Amino acid sequence: MTISDRVLIAGAGPVGLVAAANLVRHGIPVTVFEGGADLSTESRASTFHPPTLDMLAGLDVAQPLIAQGLIAPKFQYRNRHDGMIAQFDFGDIADATRHPFRLQCEQSKLTRIIYEKLRGEPNFEIAFSSPVRALTQDSDSVTVTVERDGRHETQSYRWLIGADGARSDVRRSLGIEFEGFTWPDRYLVVSTPFDFYGVIPRLDPVSYLADPVRWHFLLQIPKLWRVMFRVAAEETDELALSPEFAQRLMAQVVPGIDRYEIAHTTLYRVHQRVAGSFRNRRAFLIGDAAHVNNPLGGMGMNGGIHDAINLTGRLIEVWRGTKPEAELDRFDLQRRLVTKEHVERQSIQNKRNLEADDNEFRDFLQRTAADPALTRDYLLRVSMIGSLRRAEQLG
Ligand SMILES: Cc1cc2nc3c(=O)[nH]c(=O)nc-3n(C[C@H](O)[C@H](O)[C@H](O)COP(=O)(O)OP(=O)(O)OC[C@H]3O[C@@H](n4cnc5c(N)ncnc54)[C@H](O)[C@@H]3O)c2cc1C
């Protein structure tokens, strides 16, 4: 079979398309096979962290994204007893990033911006309704089986990037374990056009409320607020998705307001898992195909975009012959380690902090906010700049 001299990417989510954009920008031909009939419209990630925006600026897509999003320079923590307990300002790390803020914008806006940009490029091709189902590989190529119109076709490419999400067929075909666990509780996201600024004093666009029974957080996106709640294991999916349940949870947000206009609700099961390897010879895993975590701290898609930039930066050099293939092992070494050390650990800690039944987290936040050096360390960590610096140290 003839080998197509291209990189194949499975999955046109935010991570697969960022990988495609970086390769095409450097003159490398890319084919994307997307399982869906179109780009996803699902309401999922809505936070872009500062270093991710720096990377997107390198692809010329940060500005159009910022134009469609909402800039959040500050975020805060509250509890029911003390009100606001700490507030942090990304301006305090403005020397470490060109974008000292979180951008609140749906991930479906990013995929559309990148897709529009890539469409006219001669080195870019994409096929929808074309899930990659299986693969084999030898020393020169990866041969994939792709499903199209109910038939299976096989095609060979130089390299394969599996960016096909948490249920990755690429990961399964490679026989790579997805180690970790699933939380017994789920998350309910309730979106409302209600104006919380009018009723919560000193509110920031990102506001976490710690509570041992029912924590929540408020996150503003253009035209809506998203409010995320924990749903306990004993509360059924049917109950959690009933309009009354959402109204009951929303009634706990602002005392005295017990009826909201609800635009939509979504219920999620939450996992913490990391693939046993991010590389198998000529095939790679990035984004949710490689790791999943709870959404507290907004690190899933951001970490996936960091994978995409790390991997494609190395692949560009190997493709051009300026670095040996062994260079690609550094992607696995760096990204898998920081995923475990930072993304998984921090997202689990974020969940435990919000539901802790003591004042330890409040005291930690107040101590941190009162000390400029601790504030700086904290901001570098939550913005994920810390994890990128750690990856660089790994050589
Ligand atoms: C409620 C919620 C809120 C979140 N908030 C944030 C946040 O604020 N910040 C953040 O960083 N992360 C957040 N996340 C996580 C984030 O949504 C994911 O990490 C992100 O979507 C991962 O992107 P991806 O491109 O790797 O995978 P996906 O977005 O899942 O895209 C995978 C693509 O692959 C396609 N596909 C599937 N199988 C195949 C196949 N066999 N062949 C070809 N294509 C295939 C799919 O159709 C899809 O288009 C949140 C998640 C949830 C559930």
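Couple of notes before you dig in:
- For segment 44-73, the set of residues classified as surrounded by 15 or more Cβ atoms within 10 Å (Cβ to Cβ) and either within 9 Å of the ligand (Cβ to nearest atom) or acidic (Asp, Glu) (or both) consists of ARG44, ALA45, SER46, THR47, PHE48, HIS49, THR52, ASP54, listed by residue number.
- Test: residue in segment 288-297 that is in contact with a helix residue (DSSP H, G or I) (Cβ under 7 Å, 6 or more places away or on another chain) and more than 10 Å from the ligand (Cβ to nearest atom): no
- Segment 169-211: number of residues that are within 13 Å of the ligand (Cβ to nearest atom), open to solvent by less than 20 Å² (accessible area, probe 1.4 Å) and among the aliphatic types (A, V, I, L, M): 5
- Inter-residue pairs, beta-carbon under 8 Å, first over 13 Å from TYR268 (Cα atoms) and in segment 233-245, second surrounded by fewer than 13 Cβ atoms within 10 Å (Cβ to Cβ) and modelled with pLDDT of 95 or more, 6+ apart: PHE245/LEU239
- Positions within segment 114-140 being farther than 19 Å from SER4 by Cα and of a type in the set (D, E, K, R), in sequence order: GLU116, LYS117, ARG119
- Within segment 145-168, the residues that satisfy the criterion of being in contact (Cβ under 8 Å) with a residue 40 or more places away in the chain and more than 9 Å from the ligand (Cβ to nearest atom) are THR154, GLN155, SER156, TYR157, ARG158, TRP159, LEU160, ILE161.
- Condition met for ALA86 (in contact with a helix residue (DSSP H, G or I) (Cβ under 9 Å, 6 or more places away or on another chain), open to solvent by 10 Å² or more (accessible area, probe 1.4 Å) and among the aliphatic types (A, V, I, L, M)): no
- ASP363 vs. criteria more than 26 Å from ASP185 (Cα to Cα) and crowded, with 21+ Cβ neighbours inside 10 Å: no
- Every residue from segment 19-43 that is modelled with pLDDT of 95 or more and either near the ligand (Cβ under 8 Å from one of its atoms) or more than 23 Å from the chain's Cα centre (by Cα) (or both): HIS26, GLY27, ILE28, PRO29, PHE33, GLU34, GLY35, GLY36, LEU39, SER40
- Candidates SER139, SER129, SER108, filtered to the one that is out of contact with any Phe, Trp or Tyr (no Cβ under 6 Å at 6 or more places or on another chain) and away from the ligand (no atom under 14 Å from the Cβ): SER139
The values are calculated or read from the model by the stated rules, or taken from the named source; none is laboratory data. Small disclaimer: the values here were computed from a predicted structure and weren't measured. Cβ coordinates were reconstructed from backbone atoms using ideal geometry, including for glycine residues, and neighbour counts include every protein chain displayed. When the accessible area is computed, the model is the full protein with side chains, heavy atoms only, and any ligands, DNA or RNA have been set aside. Shrake-Rupley method; radii C 1.70, N 1.55, O 1.52, S 1.80 Å.
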